[in-house]
Amino acid sequence: MRKPMVAGNWKMNGTKQSVGELLAALKEQITHVSDVEVAVFPPYVLLGQVEQLLAGSLVSWGAQNLDIHTEGAYTGEISAHMLKDFGCTYVLVGHSERRALYHESNELTVEKYRVAIAAGLSPIFCIGETFEERKKEKTYEVLSAQLLGILSSQENLASLKNAVIAYEPVWAIGTGLTASPEMAQDVHQKIRFWVAERDKHIADGLRILYGGSVKSDNAKSLFAMPDVDGGLIGGASLKAHDFLGIVKSCSSF
Ligand code: PEP
């Protein structure tokens with residue numbers, strides 16, 4: 001039985017004040033919730049505050065990115081060990097904005113996944129196709145190329161038991177367009193099938209989140225799909241009311 005997860009990617013948003021307000025509201029509501037895991041992904045500079053505010057709560061936290069090096073002369077970068085030091089459980093890897101705006105390749109993304117695992121972090125490995133790629137019926141091809149470095153390595157494959165996959169069609173991120181529940185299920189089922197071909201046990205336990213304009217009014221039907229194990233939420237994770245509405249759609253609290 002997979003425990004659903006609702007993860008909020010704050011991207012480059014938030015101030016010390018807004019974080020205090022948002023987390024106070026989340027903590028007040030998420031007190032005895034055991035049927036869903038909730039996590040937030042603040043910008044690096046807010047991690048210390050988030051750690052202080054969430055320590056001992058039921059809400060986990062992580063970072064939006066990491067560097068592949070451990071330490072040293074890498075100005076502006078943050079290592080996996082630093083994230084551990086700030087109590088992170090998770091880290092996003094390969095978000096489509098990192099891939100598109102910062103030219104992160106499939107190879108670098110897989111290396112970040114490996115480094116995160118080695119440091120004891122759980123990566124949320126993001127994959128997704130663009131609108132053009134879907135139109136040309138290349139969705140599976142693109143996704144399998146993004147996953148290749150994980151599925152083709154016995155070590156990386158085995159470490160999926162400590163990771164999460166997020167399917168985020170690029171055309172749905174921040175656009176208000178959402179994959180229909182059937183479209184999401186089709187892709188999630190395929191991803192699980194690719195993993196199951198190599199290791200059925202890992203595939204059965206692997207959480208695959210959907211991301212792309214999830215809101216409280218569409219979350220329930222998406223999360224009802226058998227292979228959709230929750231969501232990675234961008235815009236709607238910045239307002240407590242909206243985010244909690246999404247959490248409630250896969251929880252009985
Ligand atoms: C995201 O950034 O991962 C995301 C899914 O954004 P949004 O929910 O705003 O589409």
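Every number here is computed from the coordinates shown, using simple stated rules; none is lab data. This structure is a prediction, so every number in the text was calculated from the model and none was measured. No Cβ is skipped: glycine too gets one built from the backbone with ideal geometry, and neighbour counts run over all protein chains shown.
For the listed residue pairs LYS3/LYS239; LYS11/LYS138; LYS3/LYS161, the alpha carbons are over 18 angstrom apart in LYS3/LYS239; LYS11/LYS138. Summing charges over neighbours of LEU83, with a neighbour being any other residue whose Cβ is under 12 Å away from its Cβ, gives -2 when K and R count +1 and D and E count -1.
Summing +1 for each Lys or Arg and -1 for each Asp or Glu among the other residues whose beta-carbon sits under 15 angstrom from that of ARG192 gives 0.
The simple Förster model, with R0 at 41 Å and r as the Cβ-Cβ distance, assigns GLN154 and GLU21 a FRET efficiency of 0.35. Within the range 96-192, report the GluC sites (Glu not before Pro) that DSSP leaves as loop and that have at most 15 other Cβ atoms within 10 Å. Filter output for the range 96-192: GLU137.
Can you give me the Cα centroid spacing of the range 221-241 and the range 52-126 in angstrom? Between the Cα centres of the range 221-241 and the range 52-126 lies a distance of 21 Å. Each of GLU51 and LYS239 was given a label point 7 Å from its Cα along the Cα-to-Cβ line. The distance between the two points is 3.2 nm.
State, as an integer percentage, the relative contact order of the chain based on alpha-carbon contacts under 8 Å between residues 6 or more apart. That works out to 21 percent. Database remark: amide H of VAL33 closer than 5 angstrom to no amide H (H placed geometrically; neighbours at sequence offset of 5 or more, or on other chains; Pro and chain starts carry no H). Per-residue 3J(HN,Hα) values for the range 29-45, derived from phi via the Karplus relation 6.51 cos²θ - 1.76 cosθ + 1.60 with θ = phi - 60°, read 8, 8, 10, 10, 7, 10, 9, 8, 9, 10, 9, 10, 10, x, x, 3, 5 Hz in sequence order (x marks Gly and Pro). The string of couplings for the range 206-211 from the Karplus curve (6.51, -1.76, 1.60, θ = phi - 60°) is 6, 7, 10, 8, 9, x Hz, one whole number per residue in order, with x for Gly and Pro. Note on GLU28 and ASP85: their simple-model spin labels are 3.5 nm apart, each label 7 Å out from Cα toward Cβ.
Report the Cα centroid-to-centroid distance between the range 28-44 and the range 131-192 in angstrom, as an integer. One Cα centre to the other: 24 Å. Computed from the alpha carbon atoms alone, the convex hull of the range 5-251 holds 118 Å³ per residue.
Remark on GLY231: its backbone amide H falls under 5 Å from those of MET5, VAL6, ALA7, TYR210, a criterion applied only to residues 5 or more positions apart or on other chains, H modelled at 1.01 Å from N.
What you get for the range 27-98, charging only the Cβ of Lys and Arg (+1) and of Asp and Glu (-1), is a dipole of about 40 debye around the Cα centre. Close amide H pairs (under 5 Å, H built 1.01 Å from N) link TYR90 with TRP61, GLY62, ALA63, SER122, residues at least 5 positions away or on another chain. Under the convention that each Lys and Arg Cβ holds +1 and each Asp and Glu Cβ holds -1, the size of the dipole of the chain around its Cα centre is about 340 debye.
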